[in-house]
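Read the structure below first, then the notes.
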Amino acid sequence: MLDDLDHALVHALQIDGRAPFARIGTVLGVSTQTVARRYRRLLAEAGLRVVGLAAPHRAGQTQWLVRLTVVPAVAQRVADALVRRTDTTWVKLAGGGTEICVIVHAANDSTPEHGLLLHDIPRTTGITAVSAHQLLHLYHGGPTAWLGRAEVLTDAQRRQLEPETRATLAPATAADGPLLTALQRDGRLGQTELAAITGWSAATVARRIADLRAAETLYFDVEIDARLFGATTQALLWMAVAPADLDAVATELATHRELAVVAATTGPTNLLAHALCADPPALHRYLTHRLGALPGIRSCETAPVLRTLKAASPLSR
C-alpha cells in the first residue's frame with residue numbers, strides 16, 4: 001500500500017517527471033535521500049515508471065485504436081505479440097478475455113489497413129474480428145494526469161514543481177530519434193547518460209529537452225498500477241454521441257475524476273473513455289447516475305479491462 005508521501009511523490013513526478021529529487025524533497029518537506037529511497041522502492045515494488053513521450057500530432061503521427069475480438073485460447077499470445085511491437089501502446093485485455101484493445105501509431109501520410117496493423121501478429125485463426133478507429137482529439141489523458149492520482153499537492157506546491165515555460169517552436173526531427181527513444185524507456189535518464197546515447201554534449205541534451213517540452217512536442221508521463229490508488233475496476237466506455245453535442249459532452253467528461261482518458265474517435269462510436277473506479281458498484285453508480293445524466297449520449301458500450309499489458313510507452317522495460 002502507498003502512504004501519503006508515496007502519493008505526493010507520484011503527483012510530483014506527474015507534474016515534472018524530470019524534477020530533481022532535491023527540488024521534490026524541498027516541496028514535500030523531506031530530504032533528498034528520502035525522495036530517492038521512496039522512488040527506488042516504487043520502481044521495484046509498485047511498477048513505477050517515468051517515460052518521455054512525443055506528442056503524436058507534433059511528431060508527424062496519427063493514432064489508431066484497434067479492437068480485436070479473439071477466442072480466449074489465443075488472447076494472451078496475440079496480446080504478447082502486440083506488446084513486443086514498437087509502434088503500439090496501451091495494450092489492454094478486455095471483455096472477459098475475448099477482446100484486445102491497442103493503440104497503433106502510424107505516420108500521417110499512411111492510412112493503416114487491417115493487414116498492415118497485424119503484420120507482426122502470429123498467424124492464427126483465433127482472431128474473429130478487427131476494427132480500427134482513428135483518434136481525432138484527446139480531451140483528457142496524455143499530458144494531463146488522471147485526477148485520481150493528481151489530488152495530493154496544493155496549488156502552491158504544484159507551482160514550485162512546474163517546469164519553466166517559454167514560447168518556442170521545436171518540432172521533433174530525425175536527429176531527435178535517439179534522445180526520444182531513450183526517454184521512452186526511462187524519462188529520468190541523466191544528462192550524462194543521454195549525452196552518451198545521442199553523441200551530444202550534456203548541455204545540448206538539456207537545452208534540447210527544454211525546447212521540446214516548451215513547444216509541447218515532448219511530455220512526461222507516469223506509469224503505475226491504478227489499483228494502488230484504489231481503482232480496482234477498470235472499463236473502456238465506447239459512446240455514441242450526437243455530433244452537435246460531442247464537444248460539450250467530452251469537455252464535461254474530462255472533468256470527471258472517474259475517467260483517465262477521454263478521446264474523440266472515428267467509427268460508429270465516436271467518443272472513448274477509460275474509467276477507473278473503486279469497485280463494480282462504483283462503476284455502476286458512475287454509469288447510471290453521472291454519465292447517464294448527460295444529454296447527447298445515445299449509447300454506451302462498457303468493456304471491462306482485465307489487465308493492462310502495455311501502458312503509455314511504446315517500449316517495454
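Using C-alpha pairs below 8 Å separated by at least 6 residues, the relative contact order for the chain is 27 percent. Each Lys and Arg Cβ is given +1 and each Asp and Glu Cβ -1; about its Cα centre, the chain then shows a dipole of about 620 debye. In this structure, THR168 and THR192 have a Cβ-Cβ separation that, at R0 = 22 Å, corresponds to a calculated FRET efficiency of about 0.35. Highest mean first, the peptides 84-95, 18-29 sorted by other C-beta atoms within 10 Å per residue fall in the order 84-95, 18-29. Between the helical axis of 72-84 and the longest alpha-carbon principal axis of the chain there is an angle of about 30 degrees. Summary of the geometry: region 249-264 and region 1-45, compared by the centres of their Cα atoms, lie 27 Å apart. Look at where the Cα atoms of region 188-202 and of region 141-173 average out, and the two centres are 23 Å apart. With all protein chains in place and a 1.4 Å probe, the accessible surface of the chain carries 54 percent carbon and sulfur. Let a ≥ b ≥ c be the square roots of the eigenvalues of the Cα gyration tensor of region 213-317; is it rounded (a/c under 1.5), or, if not, prolate (a/b larger than b/c) or oblate? Oblate shape, in that a/c is at least 1.5 and b/c is the bigger or equal ratio. Name the residue farthest towards the positive end of the dipole of region 196-317 from the options THR269, ALA215, ALA240, assuming +1 on Cβ of Lys and Arg, -1 on Cβ of Asp and Glu, about the Cα centre. Of the options given, the answer is ALA215.
To test your reading of the geometry: what angle, between 0 and 90 degrees and rounded to tens, separates the Cα axis of helix 32-45 from the longest principal axis of the chain? Orientation of helix 32-45: about 30 degrees from the principal axis. When a/c reaches 1.5 or more, the comparison of a/b and b/c decides; with that in mind, is region 202-266 rounded, prolate or oblate per its Cα gyration tensor? Oblate, because a/c is 1.5 or more while a/b does not exceed b/c. Taking a ≥ b ≥ c as the square roots of the Cα gyration tensor eigenvalues, with a/c under 1.5 meaning rounded and otherwise prolate when a/b beats b/c, else oblate, which class fits region 25-107? Note, shape of region 25-107 comes out oblate. On a per residue basis, the chain carries 46 Å² of accessible surface, using protein heavy atoms and a 1.4 Å probe. Modelled this way, with points 7 Å down the Cα-to-C-beta line, the labels at THR266 and THR181 are 3.0 nm from one another.
Using only helices, what value at 222 nm comes out for the chain when you add -39,500 (n - 2.57) per DSSP H run of length 4 or more and divide by the total residues, to the nearest 500 deg cm²/dmol?
On the way: 11 runs with 105 residues, N = 317.
Value at 222 nm, helices only: -9500 deg cm²/dmol.
Using every pair of distinct Cα positions in the chain, the Kirkwood expression returns a hydrodynamic radius of 20.7 angstrom.
The values are calculated or read from the model by the stated rules, or taken from the named source; none is laboratory data. Small disclaimer: the values here were computed from a predicted structure and weren't measured. We place every Cβ from the backbone using ideal geometry, glycine too, and count neighbours over all the protein chains shown. The protein model used for the area step is the full one, side chains on, heavy atoms only, and it has no ligands, DNA or RNA in it. Shrake-Rupley method; radii C 1.70, N 1.55, O 1.52, S 1.80 Å.
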